[in-house]
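The values are calculated or read from the model by the stated rules, or taken from the named source; none is laboratory data. Every value quoted in this text rests on a predicted model; they were computed, and no experiment measured them. Here Cβ is always computed from backbone atoms with ideal geometry, including for glycine, and neighbour counts include all displayed protein chains. Areas reflect the complete protein model, heavy atoms only, side chains present, ligands, DNA and RNA absent. Shrake-Rupley method; radii C 1.70, N 1.55, O 1.52, S 1.80 Å.
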Amino acid sequence: MHTALLQSSGRPGDVAHNLRVLDDAARAAAANGAGLLAAPEMFLTGYAIGDDVPKLAEPADGESADVIAEIATRHGLAVAYGYPERDGETVYNSVQLISADGTRLANYRKTHLFGCFERDHFTPGDQPVVQAELAGLRVGLMICYDVEFPENVRAHALAGTDLLLVPTAQMHPFQFVAESLVPVRAFENQMYVAYVNRTGPEGEFEFVGLSTLAGPDGVARARAGRGEELVSADVDPAFLAASRANNPYLRDRRPGLYASLV
């Protein structure tokens with residue numbers, strides 16, 4: 001499945017503008033043969049929106065989800081996007097995956113919140129593994145800081161995730177996560193990892209870009225620079241199967257030794 005990563009911060013606080021950016025990216029990605037477009041963490045509203053988080057938060061089946069379902073259907077590709085999710089009085093930092101026919105396939109709430117900003121504005125999710133079937137692949141969802149906990153990604157590996165989508169808001173000076181950690185996570189867990197970042201200054205943050213689609217051999221199939229960019233690469237089930245057959249990490253685990261870790 002050809003997979004596109006939209007590296008963009010859109011316009012913080014302007015949902016309508018960001019939906020137009022997503023529409024344009026979906027059109028370009030589909031024209032390049034992509035079956036999936038992934039956008040960054042909190043792409044719908046912007047990340048550094050402070051006390052506007054609760055005001056702009058929407059339910060998973062809200063108005064913007066309907067618009068994105070229409071975008072996915074019109075361009076014939078699945079879309080994953082980050083947004084602030086409202087569930088009653090509770091707000092989560094979430095990512096939703098919508099299929100090419102407009103079906104809401106999966107919704108994930110960030111389980112590991114980073115820094116005071118996130119802890120002040122969001123409630124952490126409590127479901128570590130969220131997956132959906134898409135084009136013959138088992139697609140898992142995660143957000144930014146979550147991927148830096150090896151237990152999280154290993155849980156996905158044990159649950160059979162083939163492609164892990166990680167919308168992110170990775171900021172300076174932690175660019176080594178995109179450059180080094182993400183390819184290692186893909187290799188040690190034998191999966192593809194799509195890490196799609198924001199870019200440029202936003203409030204007190206400086207997002208570093210460097211969005212990456214890494215394969216199970218630890219090699220980046222696509223890597224963006226520091227600016228606004230749409231990059232893409234193939235997620236190859238045959239290559240993944242061959243890599244898993246040759247890599248013994250998951251087979252050689254000794255779970256009986258790991259009880260003290262939990």
Can you tell me how many residues within region 193-210 are of a type outside the set (A, V, I, L, M, F, W, C) and under 13 Å from Val147 (Cβ atoms)? 2
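Would you mind listing the helices (runs of 4 or more DSSP H) fully within region 110-224 where at least 3 residues are more than 30 Å from Arg11 (Cα to Cα)? Break it down into steps so the answer makes sense when it comes.
Working: elements: 115-121, 150-158, 182-189.
Counting at least 3 such residues, we get 150-158, 182-189.
In region 75-96, what residues are open to solvent by less than 30 Å² (accessible area, probe 1.4 Å) and among the charged types (D, E, K, R)?
Let us first name the residues in region 75-96 that are open to solvent by less than 30 Å² (accessible area, probe 1.4 Å), namely 77-85, 91, 93-96.
Correct list: Glu85 only.
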Breaking point among (1) open to solvent by 10 Å² or more (accessible area, probe 1.4 Å); (2) polar (S, T, N, Q); (3) over 30 Å from Phe117 (Cα atoms), for Asn189: (1)
If you scan region 152-170, which residues turn out to be of a type in the set (A, V, I, L, M, F, W, C) and in contact with an Asp or Glu (Cβ under 6 Å, 6 or more places away or on another chain)? Ala169
Cβ-Cβ under 7 Å pairs, at least 6 apart or on other chains, region 13-35 side over 16 Å from Thr3 (Cβ atoms), far side of a type in the set (Lys, Arg): His17/Arg11; Asn18/Arg11
Provide a single number: the residues in region 191-241 that are in contact with an Asp or Glu (Cβ under 9 Å, 6 or more places away or on another chain) and free of Cβ contacts under 8 Å to residues at least 12 places away in the same chain. 0
Would you check if Ser260 is outside any loop (DSSP other than H, G, I, E, B), within 26 Å of Gly46 (Cα to Cα) and polar (S, T, N, Q)? no
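A quick yes/no check of all residues on (1) modelled with pLDDT under 95; (2) closer than 24 Å to Arg221 by Cβ:
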site: Val79; (1), (2): no, yes
site: Asp87; (1), (2): no, no
site: Ser99; (1), (2): no, yes
site: Ala106; (1), (2): no, yes
site: Lys110; (1), (2): no, no
site: Leu113; (1), (2): no, no
site: Cys116; (1), (2): yes, no
site: Val129; (1), (2): no, yes
site: Leu134; (1), (2): no, yes
